[in-house]
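The structure appears below as structure tokens.
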Amino acid sequence: MIREIMRLAHRIDAWLRDHVGRPYTVILAIGLVYGIVASVRTLIHDAETRLDVFKLVVAVLFQIALLINQLAQFHEYREERAARRARRRKG
């Protein structure tokens with residue numbers, strides 16, 4: 001079941017990258033940055049107990065990891081586009 005969900009997610013992601021392209025990646029990155037900022041604000045505002053702080057720090061670190069992954073995927077997408085353009089030029 002999990003594998004099927006992962007395959008479906010991969011297919012949907014590939015379709016969105018192919019048909020929406022750069023705006024899709026940019027929207028995801030902006031959403032992740034917004035989530036990180038919101039988590040940091042919550043961390044600052046609600047830092048009452050160590051457990052709350054720990055949970056929020058873990059959440060922020062996870063969101064940063066997702067942002068790094070998203071930026072790496074954006075880089076791969078740009079490299080793929082450049083390679084396709086180069087192949088088209090060579091004919």
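Brief remarks follow.
- Every residue from the range 11-46 that is aromatic (Phe, Trp, Tyr) and within 16 Å of Asn69 (Cα to Cα): Tyr24, Tyr34
- Enumeration of residues in the range 69-91 that are in a helix (DSSP H, G or I) and more than 23 Å from the chain's Cα centre (by Cα): Arg84, Arg85, Ala86, Arg87, Arg88, Arg89, Lys90
Coordinate-derived values only; no laboratory data. What you see is a predicted model, and the numbers here were worked out from it, not measured in a lab.
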